[in-house]
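The values are calculated or read from the model by the stated rules, or taken from the named source; none is laboratory data. If you're wondering where the values come from, they're calculated on a predicted model, not measured in any experiment. In this analysis, Cβ positions are derived from the backbone assuming ideal geometry, glycine residues included, and neighbour counts consider all displayed protein chains.
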Amino acid sequence: MTAVHSISIYSQQFGSLLIVLLGIPFFSQRSLPIRIIVLYGINSFVFQIIGIVLVYSKGSGINVNGNLYTLTEALILLGFFYSVFNSPVEKKVVVAMSVIYVILYFVFMIDRWVELVSSIRTMRDLVIIICCIMYFFYLMREMPTNDITKYPMLWIVAAMLCFFAGTFTLSLSLNYLVKVLHNNLLVIWAVRNFFRLIFCLVVCYGLWLDNKRLRENLSLT
Amino acid sequence: MEASPFYLLLAVGTAVMLIMAGSIVVFILFYQRRMLHEKLKQNQMEIDHQEKSLRLVLEGQENERRRIAKDLHDGVQAMMQALRVSVLTVIRDADEKDKKEIQEMVSELTETVRSVSWDLMPSTLEMFGLASALEEFCARLNGKITVPVHFSHQGSPFALANDQQLLVYRITQEAVNNAIKHAKASLIEVRMNWDGGLHVAIADDGVGFDVAASDGSLGLGLSNLESRARLLNADLKFLKNQPKGSVVELFLSN
């Protein structure tokens, strides 16, 4: 494992920790989607800790950990979108995507738990990208009259769209990368991890905006 | 397939996806800005239209008042004078008591017509300006009602357009009339100050009022005040007076 790759792992873990630290205060007063984002941060942080332990203990379950994380990540983010949408049609679409994803996940994972499976990651990226685009359509329809850049949700979903769109090609070509590049994959994975740190920082900006709004509300009451 | 071209392919694929995602976000931001801009423009147009309509209505009202006041002054008052002379001629042989009674009635009628004419369009306003017109308005009220209305005046007056003067006069008139009708006050004060802009305060020591909880009639009066203040681009505030009562404050910058 290269030093750069190690730093990238810790930095993305730091990003997840930052989401948790920013999300925990005022947790009970937050809206459901924001709470789910905090849960997403906790989930990522826990899986990353397990991943690091497995790497240092030379355990064989590192890919199992990654595959399981992919499922939990997809389901948590789909839950996030389910709570964001008000329209029953969009909610049904999210539920349908969740069901299809879970079914296909287990179909693709048969006898492949110890491998780094490309298809489940590609599907996850695709599902999240579709949800993000649906959210932006929803936003266009329900266009708020005040400054949209003050909306935490805008930043969170924009970060998701960019991150999952950015990793889509990587997920798509993962099988090939593992077979051909072997150890060179770590360089690409390090880039992906730094990219995830940026994603976490943008999500943190959204949480900071939410904190600011809650603090203002508290000072008013 | 070798690793290097694959890196390039991966980089291009990722870049394309990122550009597409970024474009969606940027599009949404620009779209919302444009929508907001359009909405603000539309709101501003609606406000302008409402203000224009309001100005036309108020101008119509003032023109009608001016016409009635002129008719009363030029027509009815002249006729009253002629009637007075005729009546005095006709009742020349009546006894002194009846003669005096009829003379008093005719005088009272003449004075009422003059007063109504003045209230409708104070000639002092156009001839001597706002301060004099308000001073005369207060002085006239002191002769008619039991609640004393004090007028005080500070600073050097600056030039105001005729329609501005009329709007300030109407706001003060309406606020004083509201205080007389609703405040149950023992004193009403009209304070004018021209330092750093025109400040007019109409204060009473009555029961006070809550703007939000005011009944329909008071609400309409307050809304008239607000409409006129908006046309003037002036600040209008409804405050509590100390120790009791209320203050209506108008500020017009020079």
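Between a first residue in the range A:169-195 that is within 17 Å of A:Ile52 (Cα to Cα) and a second residue that is among the β-branched types (Val, Ile, Thr), which pairs have beta carbons less than 7 Å apart while being 6 or more apart in sequence or on different chains?
Hits for this filter: A:Leu186/A:Thr2; A:Ala190/A:Val4; A:Arg192/A:Thr167; A:Asn193/A:Ile9.
Quick one: is A:Glu115 closer than 23 Å to A:Tyr82 by Cβ, of a type in the set (Asp, Glu) and surrounded by fewer than 19 Cβ atoms within 10 Å (Cβ to Cβ)?
Working: closer than 23 Å to A:Tyr82 by Cβ: no; of a type in the set (Asp, Glu): yes; surrounded by fewer than 19 Cβ atoms within 10 Å (Cβ to Cβ): yes.
So A:Glu115 fails the test.
Out of all the residues in the range A:148-157, is one or more at pLDDT below 95 and surrounded by fewer than 16 Cβ atoms within 10 Å (Cβ to Cβ)?
yes
Mind listing whichever residues of the range B:1-28 are aliphatic (A, V, I, L, M) and at pLDDT 90 or above? Give the derivation first.
Residues of the range B:1-28 that are aliphatic (A, V, I, L, M), as a first pass: B:1, B:3, B:8-12, B:15-21, B:24-26, B:28.
Answer for the range B:1-28, where residues must be aliphatic (A, V, I, L, M) and at pLDDT 90 or above: B:Val12, B:Ala15, B:Val16, B:Met17, B:Leu18, B:Ile19, B:Met20, B:Ala21, B:Ile24, B:Val25, B:Val26, B:Ile28.
Can we say A:Thr167 is more than 30 Å from A:Val4 (Cβ to Cβ) and not acidic (Asp, Glu)? Talk me through it step by step, then tell me what you get.
Working: more than 30 Å from A:Val4 (Cβ to Cβ): no; not acidic (Asp, Glu): yes.
Here the answer is no, as A:Thr167 does not meet what is asked.
For the range B:1-57, give me each residue that is among the acidic types (Asp, Glu) and touching a Gly at 6+ places or on another chain (Cβ under 6 Å). Lay out the reasoning, then the answer.
To start, the set of residues in the range B:1-57 that are among the acidic types (Asp, Glu) comprises B:2, B:38, B:46, B:48, B:51.
Within the range B:1-57, none qualify.
Considering A:Val114, A:Val127, which residue is more than 21 Å from A:Leu75 (Cβ to Cβ) and among the β-branched types (Val, Ile, Thr)? If you could, list the steps in order and put the result at the bottom.
On the way: A:Val127 fails: more than 21 Å from A:Leu75 (Cβ to Cβ).
Just a single option satisfies the conditions, and that option is A:Val114.
Report yes if some residue within the range B:76-89 is more than 14 Å from chain A (Cβ to nearest Cβ), charged (D, E, K, R) and over 30 Å from A:Ile148 (Cα atoms); otherwise report no. First the steps, then the outcome.
Of the range B:76-89, the ones more than 14 Å from chain A (Cβ to nearest Cβ) are B:76-89.
Retained after the next criterion (residues that are charged (D, E, K, R)): B:84.
Add one more test, that the residue is over 30 Å from A:Ile148 (Cα atoms), and what stays is B:84.
Yes, the conditions are met somewhere in the range B:76-89.
Which strands (runs of 3 or more DSSP E) sit wholly inside the range B:156-247 and have at least 3 residues that are within 26 Å of B:Lys52 (Cβ to Cβ) and at pLDDT 85 or above?
Details: elements: B:188-193, B:198-204, B:235-240.
Qualifying strands (runs of 3 or more DSSP E): B:235-240.
Just checking, which of B:Arg92, B:Arg55 is farther than 30 Å from A:Trp155 by Cα, in a helix (DSSP H, G or I) and in contact (Cβ under 8 Å) with a residue 60 or more places away in the chain? Before the answer, list the steps.
Details: B:Arg92 fails: in contact (Cβ under 8 Å) with a residue 60 or more places away in the chain.
Only one candidate qualifies: B:Arg55.
Select from the range B:21-58 the residues that are surrounded by 13 or more Cβ atoms within 10 Å (Cβ to Cβ) and more than 10 Å from chain A (Cβ to nearest Cβ) and write down the one among them that is nearest to A:Asp125 (Cα to Cα). So that I can check it myself, show each step before the final result.
Residues of the range B:21-58 surrounded by 13 or more Cβ atoms within 10 Å (Cβ to Cβ): B:21-22, B:24-25, B:28-29, B:31-33, B:35-36, B:51, B:54-55, B:58.
In the following step, the residues that additionally are more than 10 Å from chain A (Cβ to nearest Cβ) were identified as B:51, B:54-55, B:58.
Details: B:Glu51: 54, B:Leu54: 58, B:Arg55: 60, B:Leu58: 64 Å.
Per the criteria, the residue is B:Glu51.
Just one of the numbered conditions (1) over 13 Å from the mean Cα position of the chain (by Cα); (2) touching a residue at least 60 places away in the same chain (Cβ under 8 Å) is not true of A:Ile19; which one?
(1)
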